[in-house]
1. Just check the range 156-279 against the gyration tensor rule for me: Cα atoms, a ≥ b ≥ c as the square roots of the eigenvalues, rounded for a/c under 1.5, and otherwise prolate or oblate depending on whether a/b exceeds b/c.
2. Specify the residue with the greatest mean-square fluctuation among H200, H244, H323, computed from a Gaussian network of the chain linking alpha-carbon atoms under 10 Å apart.
3. Gaussian network model of the chain, Cα springs within a sub-10 Å range: biggest mean-square fluctuation belongs to which of V128, V278, V236?
4. Just give me a number: lysine pairs in the chain, eight or more positions apart or cross-chain, with C-alpha atoms less than 28 Å apart.
5. Given the options G276, G15, G166, state which has the largest fluctuation in a GNM of the chain using a 10 Å cut-off (strictly under) for Cα springs.
6. Calculate for the chain the 222 nm mean residue ellipticity that helices alone would give, adding -39,500 (n - 2.57) per DSSP H run of length 4 or more and normalising by residue count, nearest 500 deg cm²/dmol.
Amino acid sequence: MSAGAPLRLTQHAAGGGCACKVPPGELEALLGGLVNGQGRRGAAGPDGALPELMVGPEHGDDAAVVRIEGGRAIIATADFFTPVVDDPYDWGRIAATNALSDVYAMGGTPLVAVNLLSWPRGRIPLEVAAEVLRGGSDVCAAAGTYLGGGHSIDDPEPKYGQAVTGLADADKLLRNDAGLAGTPLTLTKPLGLGVLNNRHKATGERFDEAVSVMTTLNRDAAHAALAGGARCATDVTGFGLLGHLLKLVRASGVSAVVDASAVPYLDGARRSLAEGFVPGGSRRNLTWVRPYLTSDVDDDELLLLADAQTSGGLLVAGEVPGHPVVGELVAAGEHAITVR
């Protein structure tokens with residue numbers, strides 16, 4: 001970084017945001033050998049009640065869930081990534097919003113978070129890291145979530161996120177294995193974050209609408225989904241809408257039809273795709289989903305539907321007022337997903 005040149009955080013990392021996730025196919029192979037923890041019980045509490053792992057690694061859901069006494073459940077998750085935007089305060093806000101989203105996506109309320117920070121302390125001033133942490137702190141304050149310290153390491157690439165613990169009603173979770181045929185699919189944030197963030201990294205152009213979307217909590221959408229009786233949802237992040245939908249339909253034993261014309265996109269997303277600003281993660285998502293997919297639309301449309309989102313919205317099996325219905329769950333058929 002030359003003297004006087006503006007700091008561009010995105011240039012200090014190979015990937016960016018949720019697009020730098022391990023590809024879904026590789027991740028499934030990696031996790032396939034782990035011991036299945038579903039239903040495992042631990043030591044009894046003071047009242048004799050035994051905790052129960054309600055949601056584990058089986059279906060790639062958004063967080064782990066353990067039932068505790070009083071009909072409640074503890075939700076635990078962690079999420080961190082390399083810079084998705086150049087502004088350190090915005091990156092902190094985006095990463096914290098994204099981490100809290102896993103709890104909302106399970107139907108819970110985030111209670112406490114701790115920071116996860118990797119920092120190249122010899123190359124980027126610690127004052128910049130302080131701005132990242134300030135962004136995360138402000139999001140937690142807005143969410144009513146306690147922020148209690150965390151962990152940091154010296155690392156060649158900057159990374160930031162949070163580990164979050166939340167609470168939920170154990171009988172009113174939003175799970176990705178609870179989808180029923182005949183249920184509409186609602187999407188609560190527009191797509192296109194991956195291509196816009198990739199364009200930002202390449203050109204330095206700022207997309208205020210994208211930052212606004214990525215820093216909008218999924219709290220209100222989750223509350224509305226629960227109030228409407230929904231019991232199945234997931235958030236749309238690094239595996240794109242098609243990737244997260246594939247996980248949902250396989251876990252639920254159903255198929256899905258997506259109405260491509262009903263899916264909302266951020267301004268500039270299609271132009272950015274046409275000009276080649278497609279993250280490698282989006283292409284890997286489409287490659288993974290394609291064997292389970294039949295489609296009447298072209299590959300450009302499928303790439304946008306598979307676009308690797310960062311801090312995206314919820315995909316809810318059910319209607320959520322104020323948000324578009326983009327498809328429907330149907331009885332299991334030859335293809336897991338049909339795009340029309």
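A short reminder: the numbers here are calculations on the coordinates, not readings from a lab. None of the values given here were measured: they were computed from a predicted structure.
1. prolate
2. H323
3. V128
4. Lysine pairs meeting both conditions in the chain amount to 11.
5. Highest fluctuation of the listed residues: G276.
6. -9500 deg cm²/dmol
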